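The values are calculated or read from the model by the stated rules, or taken from the named source; none is laboratory data. Quick caveat: nothing in here was measured; it's all calculated off a predicted structure. Every residue, glycine as well, gets a Cβ built from its backbone with ideal geometry; the counts of neighbours run over all protein chains shown.
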Amino acid sequence: MASRRKGRILAFQALYAWEASRQPLEDLLSYEWVEETKREALEDELRAFAGLLISGTIENLEAVDACIQRHLEHWTLERLKKVDLAVLRLSAYSLMYQKDIPAQITIDEAIEIVKEYGSEDSYKFVNGVLDAIWKAESKAS
């Protein structure tokens, strides 16, 4: 499971970078932005899992962003901190399209990532939004 967390962190970092620079998807998936020694150590399974999350999120960005926006109270995507937005996009994609991954794992992983990379209260905000998305998605299924 630890490699899945690493894959999610890698995907989060790619989505964060993408939001700042709008690099082409191919550039993100080449992992050239990762330090060379770390990039060489990336296992194939980790690259594949992160790549699925990155490409899936970006390819479905309109639906993912619309879903997040529906569950933001008194906020817009533009006002969100970039770290929170990247974690929300990654996790909303997973909740919407990766039904084989238990929602609680997706949400728990998002909280751990945002605790590490986000601001002090980010995890409460991210947890609330993802919980609302999960409840809406489970009713729709």
Query raised in the report: Taking R4, is it assigned to a helix (DSSP H, G or I), among the basic types (K, R) and more than 12 Å from the chain's Cα centre (by Cα)?
Result: yes
Requested in this report: Within the stretch 85-123, track down each residue that is among the acidic types (D, E), under 21 Å from N60 (Cα atoms) and without any contact (Cβ under 8 Å) to a residue 40 or more places away in the chain.
Outcome: D100
Report summary line: The condition from (1) under 28 Å from K124 (Cβ atoms); (2) within 15 Å of the chain's Cα centre (by Cα); (3) of a type in the set (A, V, I, L, M) that L28 misses is numbered (1)
Query raised in the report: List the pairs whose first member sits in the stretch 32-45 and is in a loop (DSSP other than H, G, I, E, B), whose second member is of a type in the set (D, E) and surrounded by 10 or more Cβ atoms within 10 Å (Cβ to Cβ), and whose Cβ atoms are under 8 Å apart, counting only residues at least 6 apart or on separate chains?
Result: W33/D27
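Got at least one residue in the stretch 79-94 being surrounded by fewer than 12 Cβ atoms within 10 Å (Cβ to Cβ) and modelled with pLDDT under 95?
yes
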Requested in this report: Confirm whether L29 is more than 30 Å from R79 (Cβ to Cβ), in contact with a Gly (Cβ under 6 Å, 6 or more places away or on another chain) and modelled with pLDDT of 90 or more.
Outcome: no
Requested in this report: Please work out which one of (1) in contact with a Ser or Thr (Cβ under 7 Å, 6 or more places away or on another chain); (2) at pLDDT below 95; (3) of a type outside the set (A, V, I, L, M) is the condition T76 fails and give its number.
Outcome: (1)
Query raised in the report: Scanning for something charged (D, E, K, R) and closer than 22 Å to R4 by Cβ, does the stretch 50-70 turn up at least one residue?
Result: yes
